[in-house]
Structure formats: C-alpha cells, structure tokens
Amino acid sequence: MNDLGVMIVTGGSRGIGAATARLAGAAGYAVLVNYAADAAAAAAVAEAIRAAGGRAETARGDVGSEADVLALFEAADRMGRLAALVNNAGVVDQPSRVADMSLARLERMFRINTIGSVLCAREAVRRMSTTRGGRGGAIVNLSSAAAKLGAPDQYVDYAAAKGAIDAFTVGLAKEVAAEGVRVCAVRPGIIETDIHASGGLPDRVAQLAPSLPMRRPGSADEVARAILWLASPEASYSTGAILDVSGARAILP
Ligand code: NAP
C-alpha cells in the first residue's frame, strides 16, 4: 500500500468524517480518527481501516479545547509525518431564531465549528510549513451550504460560523501558499448523516429531499471523495478553493 503520511480527521467517528477516514485509509494514509464522545464508534472506524490493510489509530479530543488539540497533534506526531488535516468536526443546535439564542449556545457554536478548525489548522501549519522545517501538506475545512443560505429561523449562528470558515480558508491559503501548504474547503449541501437528528430534526433530510435540485440528499461518501481529492497531490494547484458538494443546492449564477 502507498505511504502517503498521516491524515488527521477530526470528528471521524461517524458521518462524513468516518467516510473520509475509511477512504483515506484505503488510499494509503495513516489515519488518526479523532472523536469527542463516542469511543466505540471511532474504534470501529479504525478497526475497519486496519482490517482492510491500512493504518489507523483513534484519539479522543474536543477540537474546541486548546489542550485537547495539542494532545491530538502530539498523537499524530507519534504516527509519522503529518501530510493532511481534515477539519471535519462540527455541530449544529436546536432550531432557534437569533432573538432567542443564549450566549452559551453562541460560544459552543463558534468554539467548536470555527475556533476548533483554526486551532487545528494552526497546529498543522506549524508542522507542514517549509519555513518551519516541514515538507508541506494539505488542509481541508468543512464549510456548509448554510454559509451561503444563512439558515434563517434554524441556525443562523451555525451559518455564520461556517461563513467564517470560508473566509479563513481563503486567508490562510494565501498566507501559506508559498510554504508548501494548500488550504481548501468543501461546502456540503444536505447530506444524510446523524447531524440533523443531533439538532432535533431527525426528518430534515426526508422532508427536504423532494425540494433539492437532484431530488435526493448526498451521501457521506460523496463528500468524502471530494475531500480526499482536495487533500491529494492531484489537487496540487488548488488552494483557497471552496468546492460545493451540494447537488446544486445554494449554487449562485
Ligand atoms: P455528524 O454525523 O454529526 O458527526 C460529527 C462528528 O464530529 C462526530 O464524529 C462527533 O464525534 C464529532 N464531534 C462533535 N463535536 C466535536 C468536538 N467538539 N471535537 C471533536 N469532534 C467532535 O456530522 P456530519 O454530518 O458528518 O458533518 C461533518 C461536517 O460536515 C461538520 O463540520 C458539518 O457542519 C459539515 N456539514 C454537514 C452537512 C450535512 O448535511 N450532514 C452539511 C453541511 C456541512 P462524537 O460522535 O464522538 O461526538
């Protein structure tokens, strides 16, 4: 099997992160599967990668905690050279209007979705940048079509946190473009995962499907394939790119 170096996938225990971890393991990355709470689910993802002949380990850690992020990257260092970071961990919340949002909700939303991704990217750049002795690498951030739609009456705070990811992707990409580090993002539309139920809307995908341009949601694998391509050397001239994987949802002319 190829040895592509280490890929950290934050939130790799289920959904898009788990699909990304599995594809990465099959491609030849040594995968560090991060998770927040569900150790058994993360272990099952890593075990599936190893059963298929790949390398994988798990690491618990809240991406919104600086101490946890530092420990996560130290665990990655023990696996080998960091080649790629997938900033996938993300959360939504119960539908709410902005007028009713608490400070605690806003802090959690931005701490995990935005600050977590920035902290992880910081640690990745410290290891990858050729100005710091690194050999380059790739960072792929998970944005959302919500960043363009705004998600009114549902979770404008989530949309804003993902909008910040878009700006961060462009800015960091320019900052480290001459240092061997590429920074891209994927902007998924409605994808069939547990995130909708975690926000109190288990039927969201089924309800929205008929109104989507392709009349169906996307799968975690369909997003993971885009992530893997952006992380790979095949995408060597793509940086600062934000790829919509939304079946034409939220596509503007
Ligand atoms: P998901 O099924 O809810 O999975 C979320 C993953 O993130 C889980 O592995 C969870 O781990 C982990 N996680 C949650 N909080 C964390 C934290 N503080 N630190 C580390 N890991 C944490 O989500 P998904 O649908 O696959 O979404 C993945 C990414 O795509 C997110 O950034 C999301 O915003 C974005 N996205 C999803 C959709 C969609 O329709 N599904 C659309 C647009 C964008 P535990 O299980 O251990 O808690």
Item checked: Filtered residues of segment 182-208 (kept if polar (S, T, N, Q) and within 10 Å of the ligand (Cβ to nearest atom)) -> Thr193, Ser198
Note to self: Can you list residue pairs whose Cβ atoms sit under 7 Å apart, with the first residue in segment 144-172 being closer than 21 Å to Ala99 by Cβ and the second being open to solvent by 40 Å² or more (accessible area, probe 1.4 Å) and in a helix (DSSP H, G or I)? Count only pairs 6 or more apart in sequence or on different chains.
What the structure shows: Gly150/Val156; Val156/Val98; Asp157/Leu106; Ala159/Leu149; Ala161/Phe110
Note to self: Pull out all pairs, ordered by first then second residue, where Cβ-Cβ is under 6 Å, the residues are six or more apart or on different chains, the first lies in segment 108-124 and is closer than 19 Å to Val176 by Cβ, and the second is open to solvent by less than 70 Å² (accessible area, probe 1.4 Å) and among the aromatic types (Phe, Trp, Tyr).
What the structure shows: Glu123/Phe73
Checklist line | Residue within segment 196-219 that is among the aliphatic types (A, V, I, L, M) and under 16 Å from the mean Cα position of the chain (by Cα) present | finding: no
Next item on the list: Go through the residues of segment 128-142 one by one and say whether even a single one is surrounded by fewer than 23 Cβ atoms within 10 Å (Cβ to Cβ) and among the hydrophobic types (A, V, I, L, M, F, W, C).
Entry: no
Note to self: Can you report the number of residues in segment 87-113 which are farther than 17 Å from Ala151 by Cα and either within 15 Å of the ligand (Cβ to nearest atom) or under 16 Å from the mean Cα position of the chain (by Cα) (or both)?
What the structure shows: 8
Notebook entry, point to check: Which of the residues belonging to segment 143-156 are farther than 15 Å from Ile251 by Cα and surrounded by 20 or more Cβ atoms within 10 Å (Cβ to Cβ)?
Noted result: Gln154, Tyr155
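The values are calculated or read from the model by the stated rules, or taken from the named source; none is laboratory data. Note that the structure is a prediction, hence the values are computed from the model and not measured. Cβ: placed from backbone, ideal geometry, glycine included. Neighbour counts: every protein chain shown. For the accessible areas, the whole protein counts, side chains as well, though only heavy atoms, and no ligand, DNA or RNA atoms are used. Shrake-Rupley method; radii C 1.70, N 1.55, O 1.52, S 1.80 Å.
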